[in-house]
Amino acid sequence: MSGASSENLKVSVERVGYTFFGSERPSLADISFTLTQGSLTVLAGPTGSGKSTLLRILAGLIPNSAAGQMQGRVRLFDLDTEDAASLDLATRAGLVLQSPDDQICTTHVESEVAFGLENLCLPTPEIERRIGHWLARFNLAAQRHQRTHTLSGGQKQRLTLASILAMGPRLLLLDEPLAQLDAAGAMQLLDELEQLRAAGLTVLIAEHRLDDLLPRADRLLLLDAGRLVADCPACGVDASAALGALGLELVSPALPVSIEPQDPLDSPAPPAWIARVRGLECRWPRAARPLWSDIHLDFQAGECVALVGPNGSGKTTFLSTIAGLTEPFAGSMEISEPPAGSTAIGLAPQNPDLTLFCRTVHDELAFGPRQLGVDRDEVHRRVIQAADALGIADLLAQAPLALSQGQRLRVAVAAAITLRPRLLLLDEPTTGQDPRQVSRLLTAVRRLIADGVVGAVLFSTHDARLVVRFATRVLALVDGALLANCSPAAFLTDPQSLQKAGLSATSIARKQGAVEDLSLARPRS
Amino acid sequence: MSALGWIEVNDQTWLARCDARLKLAWLGVLSLASVQLESHEALYALFAITLIVAAGLRLAARTWAIIAALLATITWGTVLSQAMFYGGHPSSPHLTIIPTFRLGSLELGVTLWREGAIFGLVQSLRLVAVTLGGLAVCLSTSPQRLLAALVAVRVPVAVSFMAVAALRFLPTILNEWGTVRRSSRLRGYRPRVWSAPWHTLRMEAALMAPVIAASLRRATTLATSLGSRGFDATRPRTAYPAMRMRPTDMVLLWSLAAFAVALSTLKSMYWLSQVTGAGAESLAPLYAWIGRWL
């Protein structure tokens, strides 16, 4: 093979750096690596380390459609990205972003796949052929004429992939494709990617969920603060050491602590129960069967309860119903009377941005208590306490919507905490967060439970690690019913329950020692 | 099938199967007629035709209720404004809200005029006919076909795509707006329109901030997605499926064109005869017919 033709079989990144417009500090600096054709590479790193920016550079969107300053050179097989036309780039590199909802630009499945092909000006018979092929490849042939908004999360993810791959890219770039998928969906996607890789497609995946991904990958690229700190085989001592140095280790130790909640000061001792749910049912208008039904539950003070279930099982709706924001079809819910100046329920939704509407972080945290008529000194005390607990004390003067995604989530949680809720609801607090940040957040929340600031916590997740580390009880919502309401140890050692709930028996659950440690984190009776 | 994605529409109706360019042409002719027609009977006929076309969509009762509420609001606004500000003669007061009084050289007061209300009712037919026609086109056409049709009639791709993308994301934005309001409610906010109107107004404005921020973020994501899929507003695109006019579509298109030309010609002749006083004696019955019926 000649030198020129071997060059055409790889992607090379040479001393690439990038500084955003208006920023003084580079977001990426001195990045160099090559990707060989047919390889599957994982791009890991803490939140804000520059992974998404690097993917955009590889797709040629930077510098062609961005105002910042780029250094270095990226060669996509036979093409230099700096001089390339957008259509040439689109046929070399396909970029799949984290949220399929935001990148689907048409209303029907067929037209979504056709969109890129129309841009390529392909003749209609060829467009027809490719649509048929890729929809069948991703099990979407039956949904060809369906509206995109009626698809499940997993189907939307597959549609986005089909739309990109139909354009025939040689390099596939994926930005956190597993973030919103349950274990079954994630496995299905990873199987697909392996098959595509075997067919010669070069794949680069930026991801936080590494447990299931690394064993299938060839290489690991690790970014930290905009620099490439490791470039090594995906499985091995080097990868483990590099990840561990950044707190991104695959197997996190279980948390050997028990929770001893204290009664809030200046308030009567709360009752042992916080909420009672009896026969709760949710049914959408004109739906043939309920989303879920016959839910009977009690929430006790001091509990940290994990809500698990596959995509589309109704976890978010369940939290919304508990919060009183969605009217149940049947059943009842009783919440213990909160002390004066506090609320029964606090909620941090999956997209925290939709709860942030004040000018500063301080105002955001103070908003709830002020609405409750809490006096000024107490409001200030609560703001400082919540900000300290969640590590945002230095951000109090800043505008919430100008913060990073992780910081915005912590502000949203802190804003719910200042209400002193008896039951705090967290909807998938892992989305878009690296494990270190999630760990920090939930550790802080557990400490607040122990201090009596928050009565109990109910959080939804797809991540078995969080269940192991933080939950005192597990609720599994599967096929419209509560499949499990038990201790994490009992749940995580039952492979069938795990599979039905959309959690994989990851290294955590398989690690017997971790499961045994759960006995130390039992809910208070 | 509908460009208004949150409304379910039967996509097997004859209107849904019509070529999108024909529907745009119909909308154009409808707009032209709504401006040119003046007689009550012609405007009623225009509205009736639009209603018949919309009825062909076989919409659900709930959708009709929404449309009826929209059209009633337009009619009410037009009737009220014309009843209050009618300046024609004769005019007879229907309801005096504030009796006339003098303030210096000004004569002030609020009266609803009967003739103004009737005039407004007729004028509202122009607006509701075009609104209903536009809704019928949007409800019976997918955004992609609408985009292809707009591009085919030489509307710039950048403009067409923006309009279609706005339709695609409108339900998402409405959903987010609902989430923001529910979240604020959970944090203790209650609108106090009467006891604290200024505070409520400020809060309602503040609640828009997360929706706007989310829309801006989504716009950035969408732009990235479009860029990575080779979208370029300055370049030609293939339309999939290819735009094809059926013979019936062609007949309807030519009929619409003939109607538009005939109407414009007749009205131009009539206006010229009215303005200049010129015109053949033999055409006097035609002018009289136009004046009476068009």
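The values are calculated or read from the model by the stated rules, or taken from the named source; none is laboratory data. None of these values were measured; they are calculated from a predicted model. Cβ coordinates were reconstructed from backbone atoms using ideal geometry, including for glycine residues, and neighbour counts include every protein chain displayed.
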Those residues of region A:417-434 which are more than 10 Å from the chain's Cα centre (by Cα) and more than 20 Å from A:A272 (Cβ to Cβ) amount to A:I417, A:T418, A:L419, A:L426, A:D427
Exception for A:S320 within (1) modelled with pLDDT of 85 or more; (2) on the phi > 0 side of the Ramachandran plot falls at (2)
Scanning region B:69-115 residue by residue, those surrounded by 11 or more Cβ atoms within 10 Å (Cβ to Cβ), of a type in the set (G, A, S) and at negative phi turn out to be B:A72, B:G77, B:S81, B:A83, B:S91
Per the filter on region A:155-171, residues more than 14 Å from A:H133 (Cα to Cα), in a helix (DSSP H, G or I) and either within 12 Å of chain B (Cβ to nearest Cβ) or at pLDDT 95 or above (or both) are A:T160
| Is it true that B:R237 is crowded, with 18+ Cβ neighbours inside 10 Å, within 14 Å of another protein chain (Cβ to nearest Cβ) and in contact (Cβ under 8 Å) with a residue 12 or more places away in the chain? | yes
Tell me yes or no: at least one residue of region B:197-219 is of a type in the set (V, I, T) and touching a Ser or Thr at 6+ places or on another chain (Cβ under 8 Å). no
Note: among A:D375, A:D353, A:D388, just one is of a type in the set (D, E, K, R) and in contact with a Lys or Arg (Cβ under 7 Å, 6 or more places away or on another chain), namely A:D353
Note on A:G72: of the conditions (1) within 8 Å of chain B (Cβ to nearest Cβ); (2) part of a strand (DSSP E or B), unmet is (1)
*Assess whether B:F161 counts as being farther than 28 Å from B:E41 by Cα and outside the structural domain of B:L32 (by TED's automatic domain parsing).*
yes
Within region A:311-320, residues in a helix (DSSP H, G or I) and either in contact with an Asp or Glu (Cβ under 6 Å, 6 or more places away or on another chain) or away from chain B (no Cβ under 12 Å) (or both) come out as A:K315, A:T316, A:T317, A:F318, A:L319
Of the listed residues (A:E334, A:E378, A:E303), the one being away from chain B (no Cβ under 12 Å) and without any contact (Cβ under 8 Å) to a residue 40 or more places away in the chain is A:E378
When region A:451-489 is checked residue by residue, the ones that are of a type in the set (D, E, K, R), surrounded by 24 or more Cβ atoms within 10 Å (Cβ to Cβ) and over 17 Å from A:T430 (Cβ atoms) are A:R473
Exactly one of A:N64, A:N119 is within 14 Å of another protein chain (Cβ to nearest Cβ), touching an Asp or Glu at 6+ places or on another chain (Cβ under 9 Å), crowded, with 21+ Cβ neighbours inside 10 Å and not aliphatic (A, V, I, L, M), and that one is A:N119
Picked from region B:203-255 (must be part of a loop (DSSP other than H, G, I, E, B) and among the small types (G, A, S)), the residue farthest from B:W14 (Cα to Cα) is B:G230
Cβ pairs under 9 Å, 6+ apart or interchain, first in region A:93-112 and within 7 Å of another protein chain (Cβ to nearest Cβ) and on the phi > 0 side of the Ramachandran plot, second part of a helix (DSSP H, G or I) and of a type in the set (V, I, T), ordered by first then second residue, are none
Flagged in region A:399-440 as at pLDDT below 90, in contact with a helix residue (DSSP H, G or I) (Cβ under 7 Å, 6 or more places away or on another chain) and assigned to a loop (DSSP other than H, G, I, E, B), in numbering order, are A:L403, A:P429, A:T430, A:G432, A:Q433
Of the residues in region B:284-294, those that are crowded, with 16+ Cβ neighbours inside 10 Å and in a helix (DSSP H, G or I) number 2
Taking the conditions exactly as written (hydrophobic (A, V, I, L, M, F, W, C), assigned to a loop (DSSP other than H, G, I, E, B) and within 14 Å of chain B (Cβ to nearest Cβ)), does A:L174 satisfy them or not?
no
Filtering strands (runs of 3 or more DSSP E) wholly in region A:185-234 for at least 3 residues that are surrounded by fewer than 20 Cβ atoms within 10 Å (Cβ to Cβ) gives A:227-233
### Task
Taking A:A399 as the residue in question, decide whether it is of a type in the set (A, V, I, L, M), closer than 22 Å to A:A275 by Cβ, within 13 Å of chain B (Cβ to nearest Cβ) and in contact with a Ser or Thr (Cβ under 9 Å, 6 or more places away or on another chain).
no
Q) Going by the conditions given, is B:T265 out of contact with any helix residue (DSSP H, G or I) (no Cβ under 7 Å at 6 or more places or on another chain) and surrounded by 13 or more Cβ atoms within 10 Å (Cβ to Cβ)? A) no
Matching residues in region B:198-219 (basic (K, R) and more than 8 Å from every other protein chain (Cβ to nearest Cβ)) number 1
Filtering region B:268-283 down to residues that are part of a helix (DSSP H, G or I), out of contact with any helix residue (DSSP H, G or I) (no Cβ under 9 Å at 6 or more places or on another chain) and not charged (D, E, K, R) yields B:S268, B:W271, B:L272, B:V275, B:T276, B:S282
Regarding A:T81, is this residue surrounded by 20 or more Cβ atoms within 10 Å (Cβ to Cβ), within 8 Å of chain B (Cβ to nearest Cβ) and among the hydroxyl-bearing types (S, T, Y)? no
Here the residues within region B:172-192 that are crowded, with 16+ Cβ neighbours inside 10 Å and charged (D, E, K, R) are B:E176, B:R181, B:R182, B:R187
For region A:356-382, the count of residues that are surrounded by 23 or more Cβ atoms within 10 Å (Cβ to Cβ) and either farther than 16 Å from B:S184 by Cα or not assigned by TED's automatic domain parsing to the domain that holds A:A412 (or both) equals 1
Checklist entry - Based on what the data block shows, is B:S195 in contact with a Cys (Cβ under 8 Å, 6 or more places away or on another chain) and away from chain A (no Cβ under 11 Å)? => result no
In region A:127-164, anything under 17 Å from A:S99 (Cα atoms) and of a type in the set (A, V, I, L, M) is listed as A:L151, A:L159, A:L161, A:A162, A:I164
